[in-house]
Each structure stands twice: as structure tokens, then as C-alpha cells.
1. Quick one: Debye curve from the alpha-carbon atoms of the chain only, equal weights, vacuum; give me log10 I(q)/I(0) at q = 0.08 Å⁻¹ to two decimals.
2. Using 27 Å as the Cα-Cα cut-off, could you pick out the over-long pairs in LYS35/LYS93; LYS10/LYS166; LYS98/LYS166; LYS76/LYS166?
3. Taking only protein heavy atoms and a 1.4 Å probe, what accessible area per residue, in Å², does the chain have with all protein chains in place?
4. Mean residue ellipticity at 222 nm from the helices of the chain, using -39,500 (n - 2.57) per DSSP H segment of n ≥ 4 over the full residue count, to the nearest 500 deg cm²/dmol?
5. Taking a temperature of 10 °C and a viscosity of 1.306 mPa s, what whole-number D in µm²/s does Stokes-Einstein yield for the range 65-123 with Rh from Kirkwood over alpha carbon pairs?
6. Between LYS101 and LEU171, what's the calculated FRET efficiency when r is the beta-carbon distance and R0 is 41 Å? Round to 0.05.
7. Taking each full run of DSSP H in the chain as one helix, which ones are at least 30 Å long along their axis (Cα atoms) and have mean Kyte-Doolittle hydropathy of at least 0.5?
8. Just to verify a number: what accessible area does LYS10 come out at with the full protein assembly present, 1.4 Å probe, Å² rounded to tens?
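The values are calculated or read from the model by the stated rules, or taken from the named source; none is laboratory data. Keep in mind that what you see is a predicted model, and the values were worked out from it rather than measured. Cβ: placed from backbone, ideal geometry, glycine included. Neighbour counts: every protein chain shown. In case anyone asks, the SASA skips ligands and DNA or RNA and just uses the protein heavy atoms, side chains included. Shrake-Rupley method; radii C 1.70, N 1.55, O 1.52, S 1.80 Å.
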Amino acid sequence: MKDNVRNTGKIALNGVLGALAVICVLLAAVLPTNKLSLYALSSFFTAVVITESGIGAGLLFYVSTCLLSLIIVPEKIAVIPYAVFFGMYGIVKYYIEKLDKLVLEYILKFIYFNICMGIIGLTVSRLFEVNLPAWLPWWALLVLAEIVFFIYDFVYTLFIGYYRDKLKPKLRLK
């Protein structure tokens with residue numbers, strides 16, 4: 001009986017987190033500011049699902065939130081950053097950090113980030129014929145993006161630690 005209650009609690013938590021992730025993507029699509037912050041916030045929910053229910057549940061969470069976002073978000077192009085990078089990052093981070101070799105981990109994370117940015121950049125530029133500002137060379141934009149990614153990954157790691165140490169014990173899902 002106790003296992004059923006715990007499983008029910010985890011399923012309910014995953015459902016609520018999925019709704020919050022989709023709401024973040026929706027708000028990123030409709031609000032004029034804070035888009036990057038909302039995408040980053042949406043990605044943190046995957047880490048909680050993985051921590052509570054495992055990597056399989058994390059993959060299911062990612063697929064279901066992508067599909068729900070495509071159904072609910074009116075501006076479909078706004079789902080691309082979540083589907084390509086933010087939604088999947090918790091899963092990628094989980095597997096990369098299992099290597100337990102810091103330098104290799106960062107190399108792989110930056111490779112993943114750059115591939116994702118390339119996919120997003122090509123998709124957006126092909127669909128909307130968007131050009132980079134003339135005053136900013138592409139390599140400077142890339143360096144700036146990588147600095148922001150490094151900070152994002154650091155904050156993501158801090159969030160996971162905070163969740164495990166402070167929030168998880170209060171949920172009593174064990």
C-alpha cells in the first residue's frame with residue numbers, strides 16, 4: 001500500500017511539473033521579455049523528474065512536454081528552443097556527468113550546446129531569413145552564448161543540489 005501511495009505521489013508530481021514546463025514554454029512564446037529565463041526554468045523540471053523517478057521517466061517527461069507544447073503553444077516556432085535544447089538538457093547532463101571526468105564532461109556539454117545552437121540557428125534563419133546584427137561578428141555571438149551556457153550549466157548544477165538537499169526531503173516521496 002505504501003508503494004502505491006509513493007508511486008501516486010511521483011506521478012502527480014511529474015504531472016504538475018509537466019504542466020509547469022509547458023506553461024513556461026507558453027509564456028516564453030507570448031511574453032515580450034524574459035524568454036531565455038522561462039526556457040531555462042522549464043528545463044529544471046526535467047532534473048526533478050529524473051531525480052524522483054529515474055531517467056526513463058525523464059525521457060517520457062521530455063517527449064510528453066514537447067508534444068503538449070506543440071499542441072498548446074500557438075506560436076510553434078517558440079517550441080523549438082525547448083524541444084532542441086532546454087527540454088533535453090537535463091537528460092544529456094545526466095548521462096554526461098555519469099562519466100565523472102570533469103574536463104571531458106565540459107567538452108561534451110559544449111559540443112552538445114554548439115550543435116543545438118547550430119540547429120536552432122539554421123532552423124530560425126531558414127524559416128524567417130533572420131540575419132545577425134552587422135555590428136556583432138558571429139564568433140563574438142558564439143563566445144557570448146558559450147559564456148551564458150557555462151553560467152546556465154553551473155546554475156543548473158546548483159539547482160539539482162538544492163533540490164536534493166533541501167526540497168526533496170520535504171516532499172517525502174522517497
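1. Results for the chain at q = 0.08 Å⁻¹ read -0.27.
2. Pairs exceeding 27 Å: LYS76/LYS166.
3. 61
4. -26000 deg cm²/dmol
5. 127
6. On the way: r = 32 Å, r/R0 = 0.77.
After rounding, the FRET efficiency stands at 0.85.
7. 2-30, 102-128, 138-162
8. Here the accessible area works out near 40 Å².
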